[in-house]
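Here the structure comes first, spelled out in structure tokens, and everything after it is commentary.
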Amino acid sequence: MNPIRYERRQYTTGNTPIEKLDRLSKALGGPTISIKRDDLLGLTAGGNKTRKLEYLVADAIKQGADTLITCGAVQSNHCRLTLAAAVREGLACQLVLTEPETGYNPLASGNHLLFHLLGAEKIKVIPSDGDMLAAMEELAQALKKEGRKAYVIPVGGSNEVGSLGYMACAEEIEQQTWETGTPFDYVVTATGSAGTQAGLIAGFMARQSNTKVIGVNVSRDRATQEAKVLELLHATAETVGLTGEILPSAIRCEDQYVGPGYALPTDEMIEAVQLLARTEGILLDPVYTGKAMAGLIGMIRQGQFTKEDHVLFLHTGGSPALYTAPHLFLSENK
Ligand SMILES: Cc1ncc(COP(=O)(O)O)c(C=O)c1O
């Protein structure tokens, strides 16, 4: 990837750290596990969307937009970070949120509280099965009538522009491992709207790296998620002019850790969040990284890695949602 060809805003100073998780590795008796702390990326409370937004917002500014419009769930980390990027750039930001099954609570905390604190210009709530893209287009048209110009960012910031952020992350990981001399055999990440996984795979392909990416699904079944990643990987590869065959076998998405559905808790997720907190003092979230870590733990217990393997867990952020679910983690009798 030639970074000069793509305009990029910078929201993080330097690289995010890669830390060894010796206590976790020992507790699991498994491979050497390290963690890439993308929860420490810049903008409000960090997380993977910050990398995507560096490219998306640069594109928005280049196109002369004065307002960012995006969408997601009531606890969307992507909405929080898009809004934070807008604040940083002096742009306005409007959000489309889907109503949860349990109904919309205008006083919901976590990311939803931050939408208010960071000053979203408008929050439009639509039914859970509503058309988010159509709702965003409607907002964009209304702004156009006022002589303003909106830039619409798809759910999760996952398109071929947003994926460039994770191509850059793969490049960063390669540079960091070059310094330590120990390349990673696997990177394990949560996978949802697919931009993180597609970008990482494209980035490792561009570097001709042997590091394999394993996505742990947070919502869909394996075949659907793998097809989604493949489609975005093709689009990203075309955008950056990556040559070389893309084999569907480059894509692996594990769906055994989703549980009853998106954002619905599982016992494995609760165990994973507690284990990382109690072995390493690192906070995960209940929707994405908790399930991804449950996947890593499950794969280790199934013997899917050797003791000699070096595995990098990508911490994609999301901790504001942790504080919306105290009932899952409060220990009784203490
Ligand atoms: C904290 C967190 N981790 C992981 C993901 C999944 O990343 P992607 O949507 O790029 O697949 C998201 C997406 O919203 C997220 O908020």
Point to revise | Conditions (1) away from the ligand (no atom under 16 Å from the Cβ); (2) in contact (Cβ under 8 Å) with a residue 40 or more places away in the chain; (3) assigned to a helix (DSSP H, G or I); number of the one not met by residue 69 | key: (3)
Point to revise | In region 199-227, the residues that are of a type in the set (Val, Ile, Thr) and either more than 14 Å from the ligand (Cβ to nearest atom) or not in a helix (DSSP H, G or I) (or both) | key: 211, 213, 214, 216, 218
Practice item. Quick one: count up the residues across region 33-59 that are in a strand (DSSP E or B) and out of contact with any helix residue (DSSP H, G or I) (no Cβ under 6 Å at 6 or more places or on another chain). Key: 4
Exercise for review: Considering every residue within region 3-21, establish whether at least one is touching a residue at least 12 places away in the same chain (Cβ under 8 Å), among the basic types (Lys, Arg) and under 18 Å from residue 310 (Cα atoms).
Suggested key: yes
Review point. Taking residue 165 and the conditions (1) within 13 Å of the ligand (Cβ to nearest atom); (2) crowded, with 24+ Cβ neighbours inside 10 Å; (3) under 24 Å from residue 294 (Cα atoms), which numbered condition does it fall short on, given that it satisfies the others?
Key: (3)
Review point. Does residue 235 fit the bill of being away from the ligand (no atom under 13 Å from the Cβ), in contact with a helix residue (DSSP H, G or I) (Cβ under 9 Å, 6 or more places away or on another chain), farther than 20 Å from residue 292 by Cα and small (Gly, Ala, Ser)?
Key: yes
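Among the residues that make up region 45-64, is at least one of them more than 15 Å from the chain's Cα centre (by Cα), modelled with pLDDT of 95 or more and of a type in the set (D, E, K, R)?
Yes - at least one qualifying residue is present in region 45-64.
For every residue, the table says whether it meets (1) surrounded by 13 or more Cβ atoms within 10 Å (Cβ to Cβ); (2) in contact (Cβ under 8 Å) with a residue 12 or more places away in the chain; (3) outside any helix (DSSP H, G or I).
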{"site": "79", "(1), (2), (3)": "yes, yes, no"}
{"site": "86", "(1), (2), (3)": "yes, yes, no"}
{"site": "93", "(1), (2), (3)": "yes, yes, yes"}
{"site": "96", "(1), (2), (3)": "yes, yes, yes"}
{"site": "100", "(1), (2), (3)": "yes, yes, yes"}
{"site": "103", "(1), (2), (3)": "no, no, yes"}
{"site": "106", "(1), (2), (3)": "no, no, yes"}
{"site": "123", "(1), (2), (3)": "yes, yes, yes"}
{"site": "130", "(1), (2), (3)": "yes, yes, yes"}
Check your understanding: In this structure, is residue 8 in contact with a Phe, Trp or Tyr (Cβ under 7 Å, 6 or more places away or on another chain), at pLDDT 95 or above and in a loop (DSSP other than H, G, I, E, B)?
Key -> yes
**Study point:** Hits in region 172-198 (condition: in a helix (DSSP H, G or I) and not polar (S, T, N, Q))
**Key:** 172, 173, 174, 178, 179, 195, 198
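The values are calculated or read from the model by the stated rules, or taken from the named source; none is laboratory data. These numbers come from a predicted model, not from an experiment. Please note: Cβ atoms are built from the backbone with ideal geometry, for glycine as well, and neighbour counts cover all protein chains shown.
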